[in-house]
2 protein chains.
Amino acid sequence: MEFIEELKLLKEQLRFTEKIDVPEGIDNIVIAGMGGSGIAGKIFSEFYTKLPVYIADDYNIPDYVSKTTLLVGMSYSGNTEETISAVKQGIEKGAYVVTVGTGGEIKKYGKQHVQIPDMGIQPRSATGWMLMPLINGFGAVKKEDIEEAISVIEALDINNNECLEVANEIARGDHIPVIYGAAPFKTVAYRWKMQFNENAKVLAYPASFPELNHSDTMALAKTYRKDNLYFIVFGSRTGKISKRISVTARITNSKFRIVDPKGKSDFARMFHIFHYGDYVSYHLSAIRNVDPKDIALIEELKKNLK
Amino acid sequence: MEFIEELKLLKEQLRFTEKIDVPEGIDNIVIAGMGGSGIAGKIFSEFYTKLPVYIADDYNIPDYVSKTTLLVGMSYSGNTEETISAVKQGIEKGAYVVTVGTGGEIKKYGKQHVQIPDMGIQPRSATGWMLMPLINGFGAVKKEDIEEAISVIEALDINNNECLEVANEIARGDHIPVIYGAAPFKTVAYRWKMQFNENAKVLAYPASFPELNHSDTMALAKTYRKDNLYFIVFGSRTGKISKRISVTARITNSKFRIVDPKGKSDFARMFHIFHYGDYVSYHLSAIRNVDPKDIALIEELKKNLK
């Protein structure tokens with residue numbers, strides 16, 4: 001499948017109706033997943049805050065995991081070593097383990113396995129399939145907001161000229177992208193970074209308001225190499241954040257490219273900028289003449305670690 | 001006080017014996033704090049995993065906060081608007097609220113206030129004072145490990161030539177530092193970023209193994225501007241991580257400056273690289289001829305937000 005076709009699967013993925021079991025008596029959630037398979041858990045944790053959610057993007061899980069923990073192991077391939085390690089630790093500690101993915105080794109460890117369609121795509125192109133079983137299981141997002149997200153994504157599929165413009169601006173100066181988000185879009189800033197890394201083969205760095213006002217701000221005015229960076233900032237309808245953005249740009253004399261989320265609900269707005277980033281990174285890969293699907297180095301790394 | 005004298009307060013801070021109250025029945029912890037006042041909570045969450053710990057570096061706290069939550073509001077000045085907002089939300093939800101700082105508005109909201117010495121220093125120079133009440137309250141670190149950390153810090157105070165060398169290398173190429181850590185030193189990578197930002201007025205970017213092997217790795221070989229970045233990587237004694245570091249450097253043809261933590265215990269090793277970063281950023285500020293204590297822009301920002 002052409003990579004652009006992978007991107008266009010997103011809207012359909014949000015209609016995925018599978019859901020993870022949420023047994024009674026659960027008082028905390030651990031979601032284990034790496035890279036492209038880890039994004040879904042990170043998004044979920046911004047939209048569901050009725051229970052503590054710990055994101056394990058590593059081999060280990062916290063000591064407090066117990067039989068009242070729901071541990072969700074997410075791996076598109078089902079063979080990610082860190083995620084399998086986290087899942088095995090969860091079982092030892094008596095957690096209720098659910099796995100999500102296309103199959104692989106991980107499948108055999110869960111009390112439930114949520115099978116997602118195996119279309120041989122990149123894990124990062126399957127975020128909707130990984131996310132919706134969590135959203136559905138916890139009823140974390142209203143049906144109408146999910147429908148709105150689908151509409152917003154469809155509109156972008158048809159018209160993504162603005163995304164091309166951003167990609168062109170980045171390419172024109174051989175810029176490293178820096179992406180500033182704010183709740184509930186902190187994960188989306190991280191997603192853009194990952195898409196720049198893997199699709200366009202460009203390093204990129206996320207940070208978040210208001211925390212960055214307590215660190216980056218002093219550097220923004222005087223840093224080395226500011227002209228080599230391209231600042232993408234997600235617009236916010238929260239007054240305090242919106243003000244922080246404009247004041248930060250002004251007093252540090254920084255040029256921010258504002259990307260304004262479209263939509264009424266936070267969930268739709270999140271997926272608007274999420275998908276926007278998909279296209280920017282895709283266009284940038286084309287401009288740079290690199291293959292967005294090429295993950296040869298990651299495969300080589302895995303071989304070398306065995 | 002000269003900024004270098006502020007740095008040297010760290011070892012003494014680890015002897016701070018105050019502790020936060022931990023009432024019975026607490027089943028989760030929220031630590032609210034921004035920037036330099038937020039680092040202590042982030043470190044604590046890497047060293048104490050017997051209960052879920054949520055780091056609120058923002059205005060809001062999760063829905064699940066309740067009367068079984070211990071909410072610790074950390075603010076050196078006691079007047080940080082985000083932290084005050086988080087503390088007020090905690091009170092509304094019935095959380096047991098403790099505050100840590102030199103005074104200010106926040107002091108009046110807690111059932112307990114832990115007073116730290118007010119020496120008019122930068123909040124980021126008071127990390128030990130902010131951290132130890134958490135460590136002591138939960139008995140999170142052994143006494144001998146704390147003593148070891150103090151020795152390791154003292155040794156660095158006397159001999160930090162290596163730190164000067166790293167600063168010189170960064171300055172020589174007008175480099176942007178990129179810092180790669182791994183558990184339990186992910187927060188330290190973020191700390192280095194902050195110290196570069198605020199002391200040396202240079203942007204800097206942290207990331208962590210093994211997660212970065214699922215994103216940055218593809219970009220490391222082909223990115224724009226790799227020669228303008230300076231990669232600092234914390235050595236690891238975990239076999240899998242150590243292998244990931246060397247394989248990643250080799251297959252992406254990257255030059256990593258390895259900074260090896262010294263010490264036996266993780267706590268001492270953490271503070272070794274923590275303090276190492278203090279000196280690197282301090283030396284870099286001197287080389288760049290900028291004032292590490294200058295936070296005029298952050299003050300201007302605060303004024304503009306009112």
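Taking the accessible area of chain B, probe 1.4 Å, and keeping the other protein chains in place, the carbon and sulfur fraction comes to 47%.
Look at the stretch A:17-29: the mean tally of other chain Cβ atoms within 10 Å of its residues' Cβ atoms is 1. Per-residue SASA remark: B:HIS113, around 50 Å² accessible (1.4 Å probe; ligands, DNA and RNA not included). Largest to smallest in accessible area, the residues B:GLU299, A:GLU169 fall in the order B:GLU299, A:GLU169 (1.4 Å probe, all protein chains included). Calculated FRET efficiency, A:LYS303 to B:ARG225, Cβ-Cβ distance, R0 = 25 Å: about 0.30 to the nearest 0.05. Counting Cβ atoms of other protein chains within 10 Å of each residue's Cβ and taking the mean over peptide B:222-231 gives 6. Simple spin-label estimate for A:ALA249 and B:GLU24 gives 5.6 nm between the two label positions (7 Å along the Cα-to-Cβ direction from each Cα). Modelled this way, with points 7 Å down the Cα-to-C-beta line, the labels at B:LYS264 and B:LYS108 are 5.0 nm from one another. What angle do you read, to the nearest 10 degrees and between 0 and 90, between the alpha-carbon axis of helix B:35-47 and the longest principal axis of chain B? Around 90 degrees separate the two axes.
Derived from the Cα gyration tensor, the three semi-axes of the equivalent ellipsoid of the range A:115-178 are 30, 17, 12 Å, largest first. Seen through its C-alpha gyration tensor, with square-root eigenvalues sorted a ≥ b ≥ c, the range B:175-306 comes out prolate because a/c lies at 1.5 or above while a/b is bigger than b/c.
Accessible area of B:ASP27 (1.4 Å probe, protein heavy atoms only, ligands and nucleic acids ignored): about 80 Å².
When A:ASP58, A:ASP174 are compared by accessible area at a 1.4 angstrom probe, the order from most to least is A:ASP174, A:ASP58.
Quick note on the range B:23-158: its Rg to Rh ratio, both from C-alpha atoms and Rh being the Kirkwood radius, is 0.97.
Past the 31 Å Cα-Cα mark, which pairs from A:LYS50/B:LYS243; A:LYS108/B:LYS93; A:LYS303/B:LYS226; A:LYS19/B:LYS50? Over 31 Å Cα-Cα: A:LYS50/B:LYS243; A:LYS108/B:LYS93.
Using a 1.4 Å probe and counting only protein heavy atoms, arrange A:GLU148, B:GLU211 so the residue with the most accessible area comes first.
A:GLU148, B:GLU211
When the accessible areas of A alone and B alone are added and the area of the pair subtracted, with a 1.4 Å probe, the result is around 6800 Å², both sides summed.
Give me the mean projected area, in nm² to one decimal, of the convex hull enclosing the Cα positions of the range B:79-122. The number I arrive at for the range B:79-122 is 3.0 nm². The mean sequence distance of close C-alpha pairs (under 8 Å, at least 6 residues apart), as a share of the length of the range B:145-288, puts its relative contact order at 38 percent. At an R0 of 30 angstrom, the distance between the Cβ atoms of B:SER66 and B:THR238 translates into a FRET efficiency of 0.25.
So the label point goes 7 Å from the Cα of A:GLU81 along Cα→C-beta, right? Which residues of the range B:248-265 then have their backbone N under 18 Å from it? It comes to B:248-252, nothing else. Extending 7 Å from Cα along the Cβ direction at B:THR17 and again at B:ILE287 yields two label points whose distance is 4.2 nm. Mean partner shielding of peptide B:115-127, defined as the number of other chain Cβ atoms within 10 Å of each residue Cβ, is 0. Computed over the alpha-carbon atoms, the protein assembly as shown gives an Rg to Rh ratio of 0.94, Rh here being the Kirkwood radius from the mean inverse distance.
Starting from a Cα-only point model with no solvent, please compute log10 I(q)/I(0) by Debye for chain A at q = 0.11, 0.15 1/Å. The Cα Debye sum returns log10 ratios of -0.68, -1.23.
The values are calculated or read from the model by the stated rules, or taken from the named source; none is laboratory data. None of these values were measured; they are calculated from a predicted model. Cβ: placed from backbone, ideal geometry, glycine included. Neighbour counts: every protein chain shown. Only protein heavy atoms, including side chains, enter the accessible area calculation; ligands, DNA and RNA are left aside. Shrake-Rupley method; radii C 1.70, N 1.55, O 1.52, S 1.80 Å.
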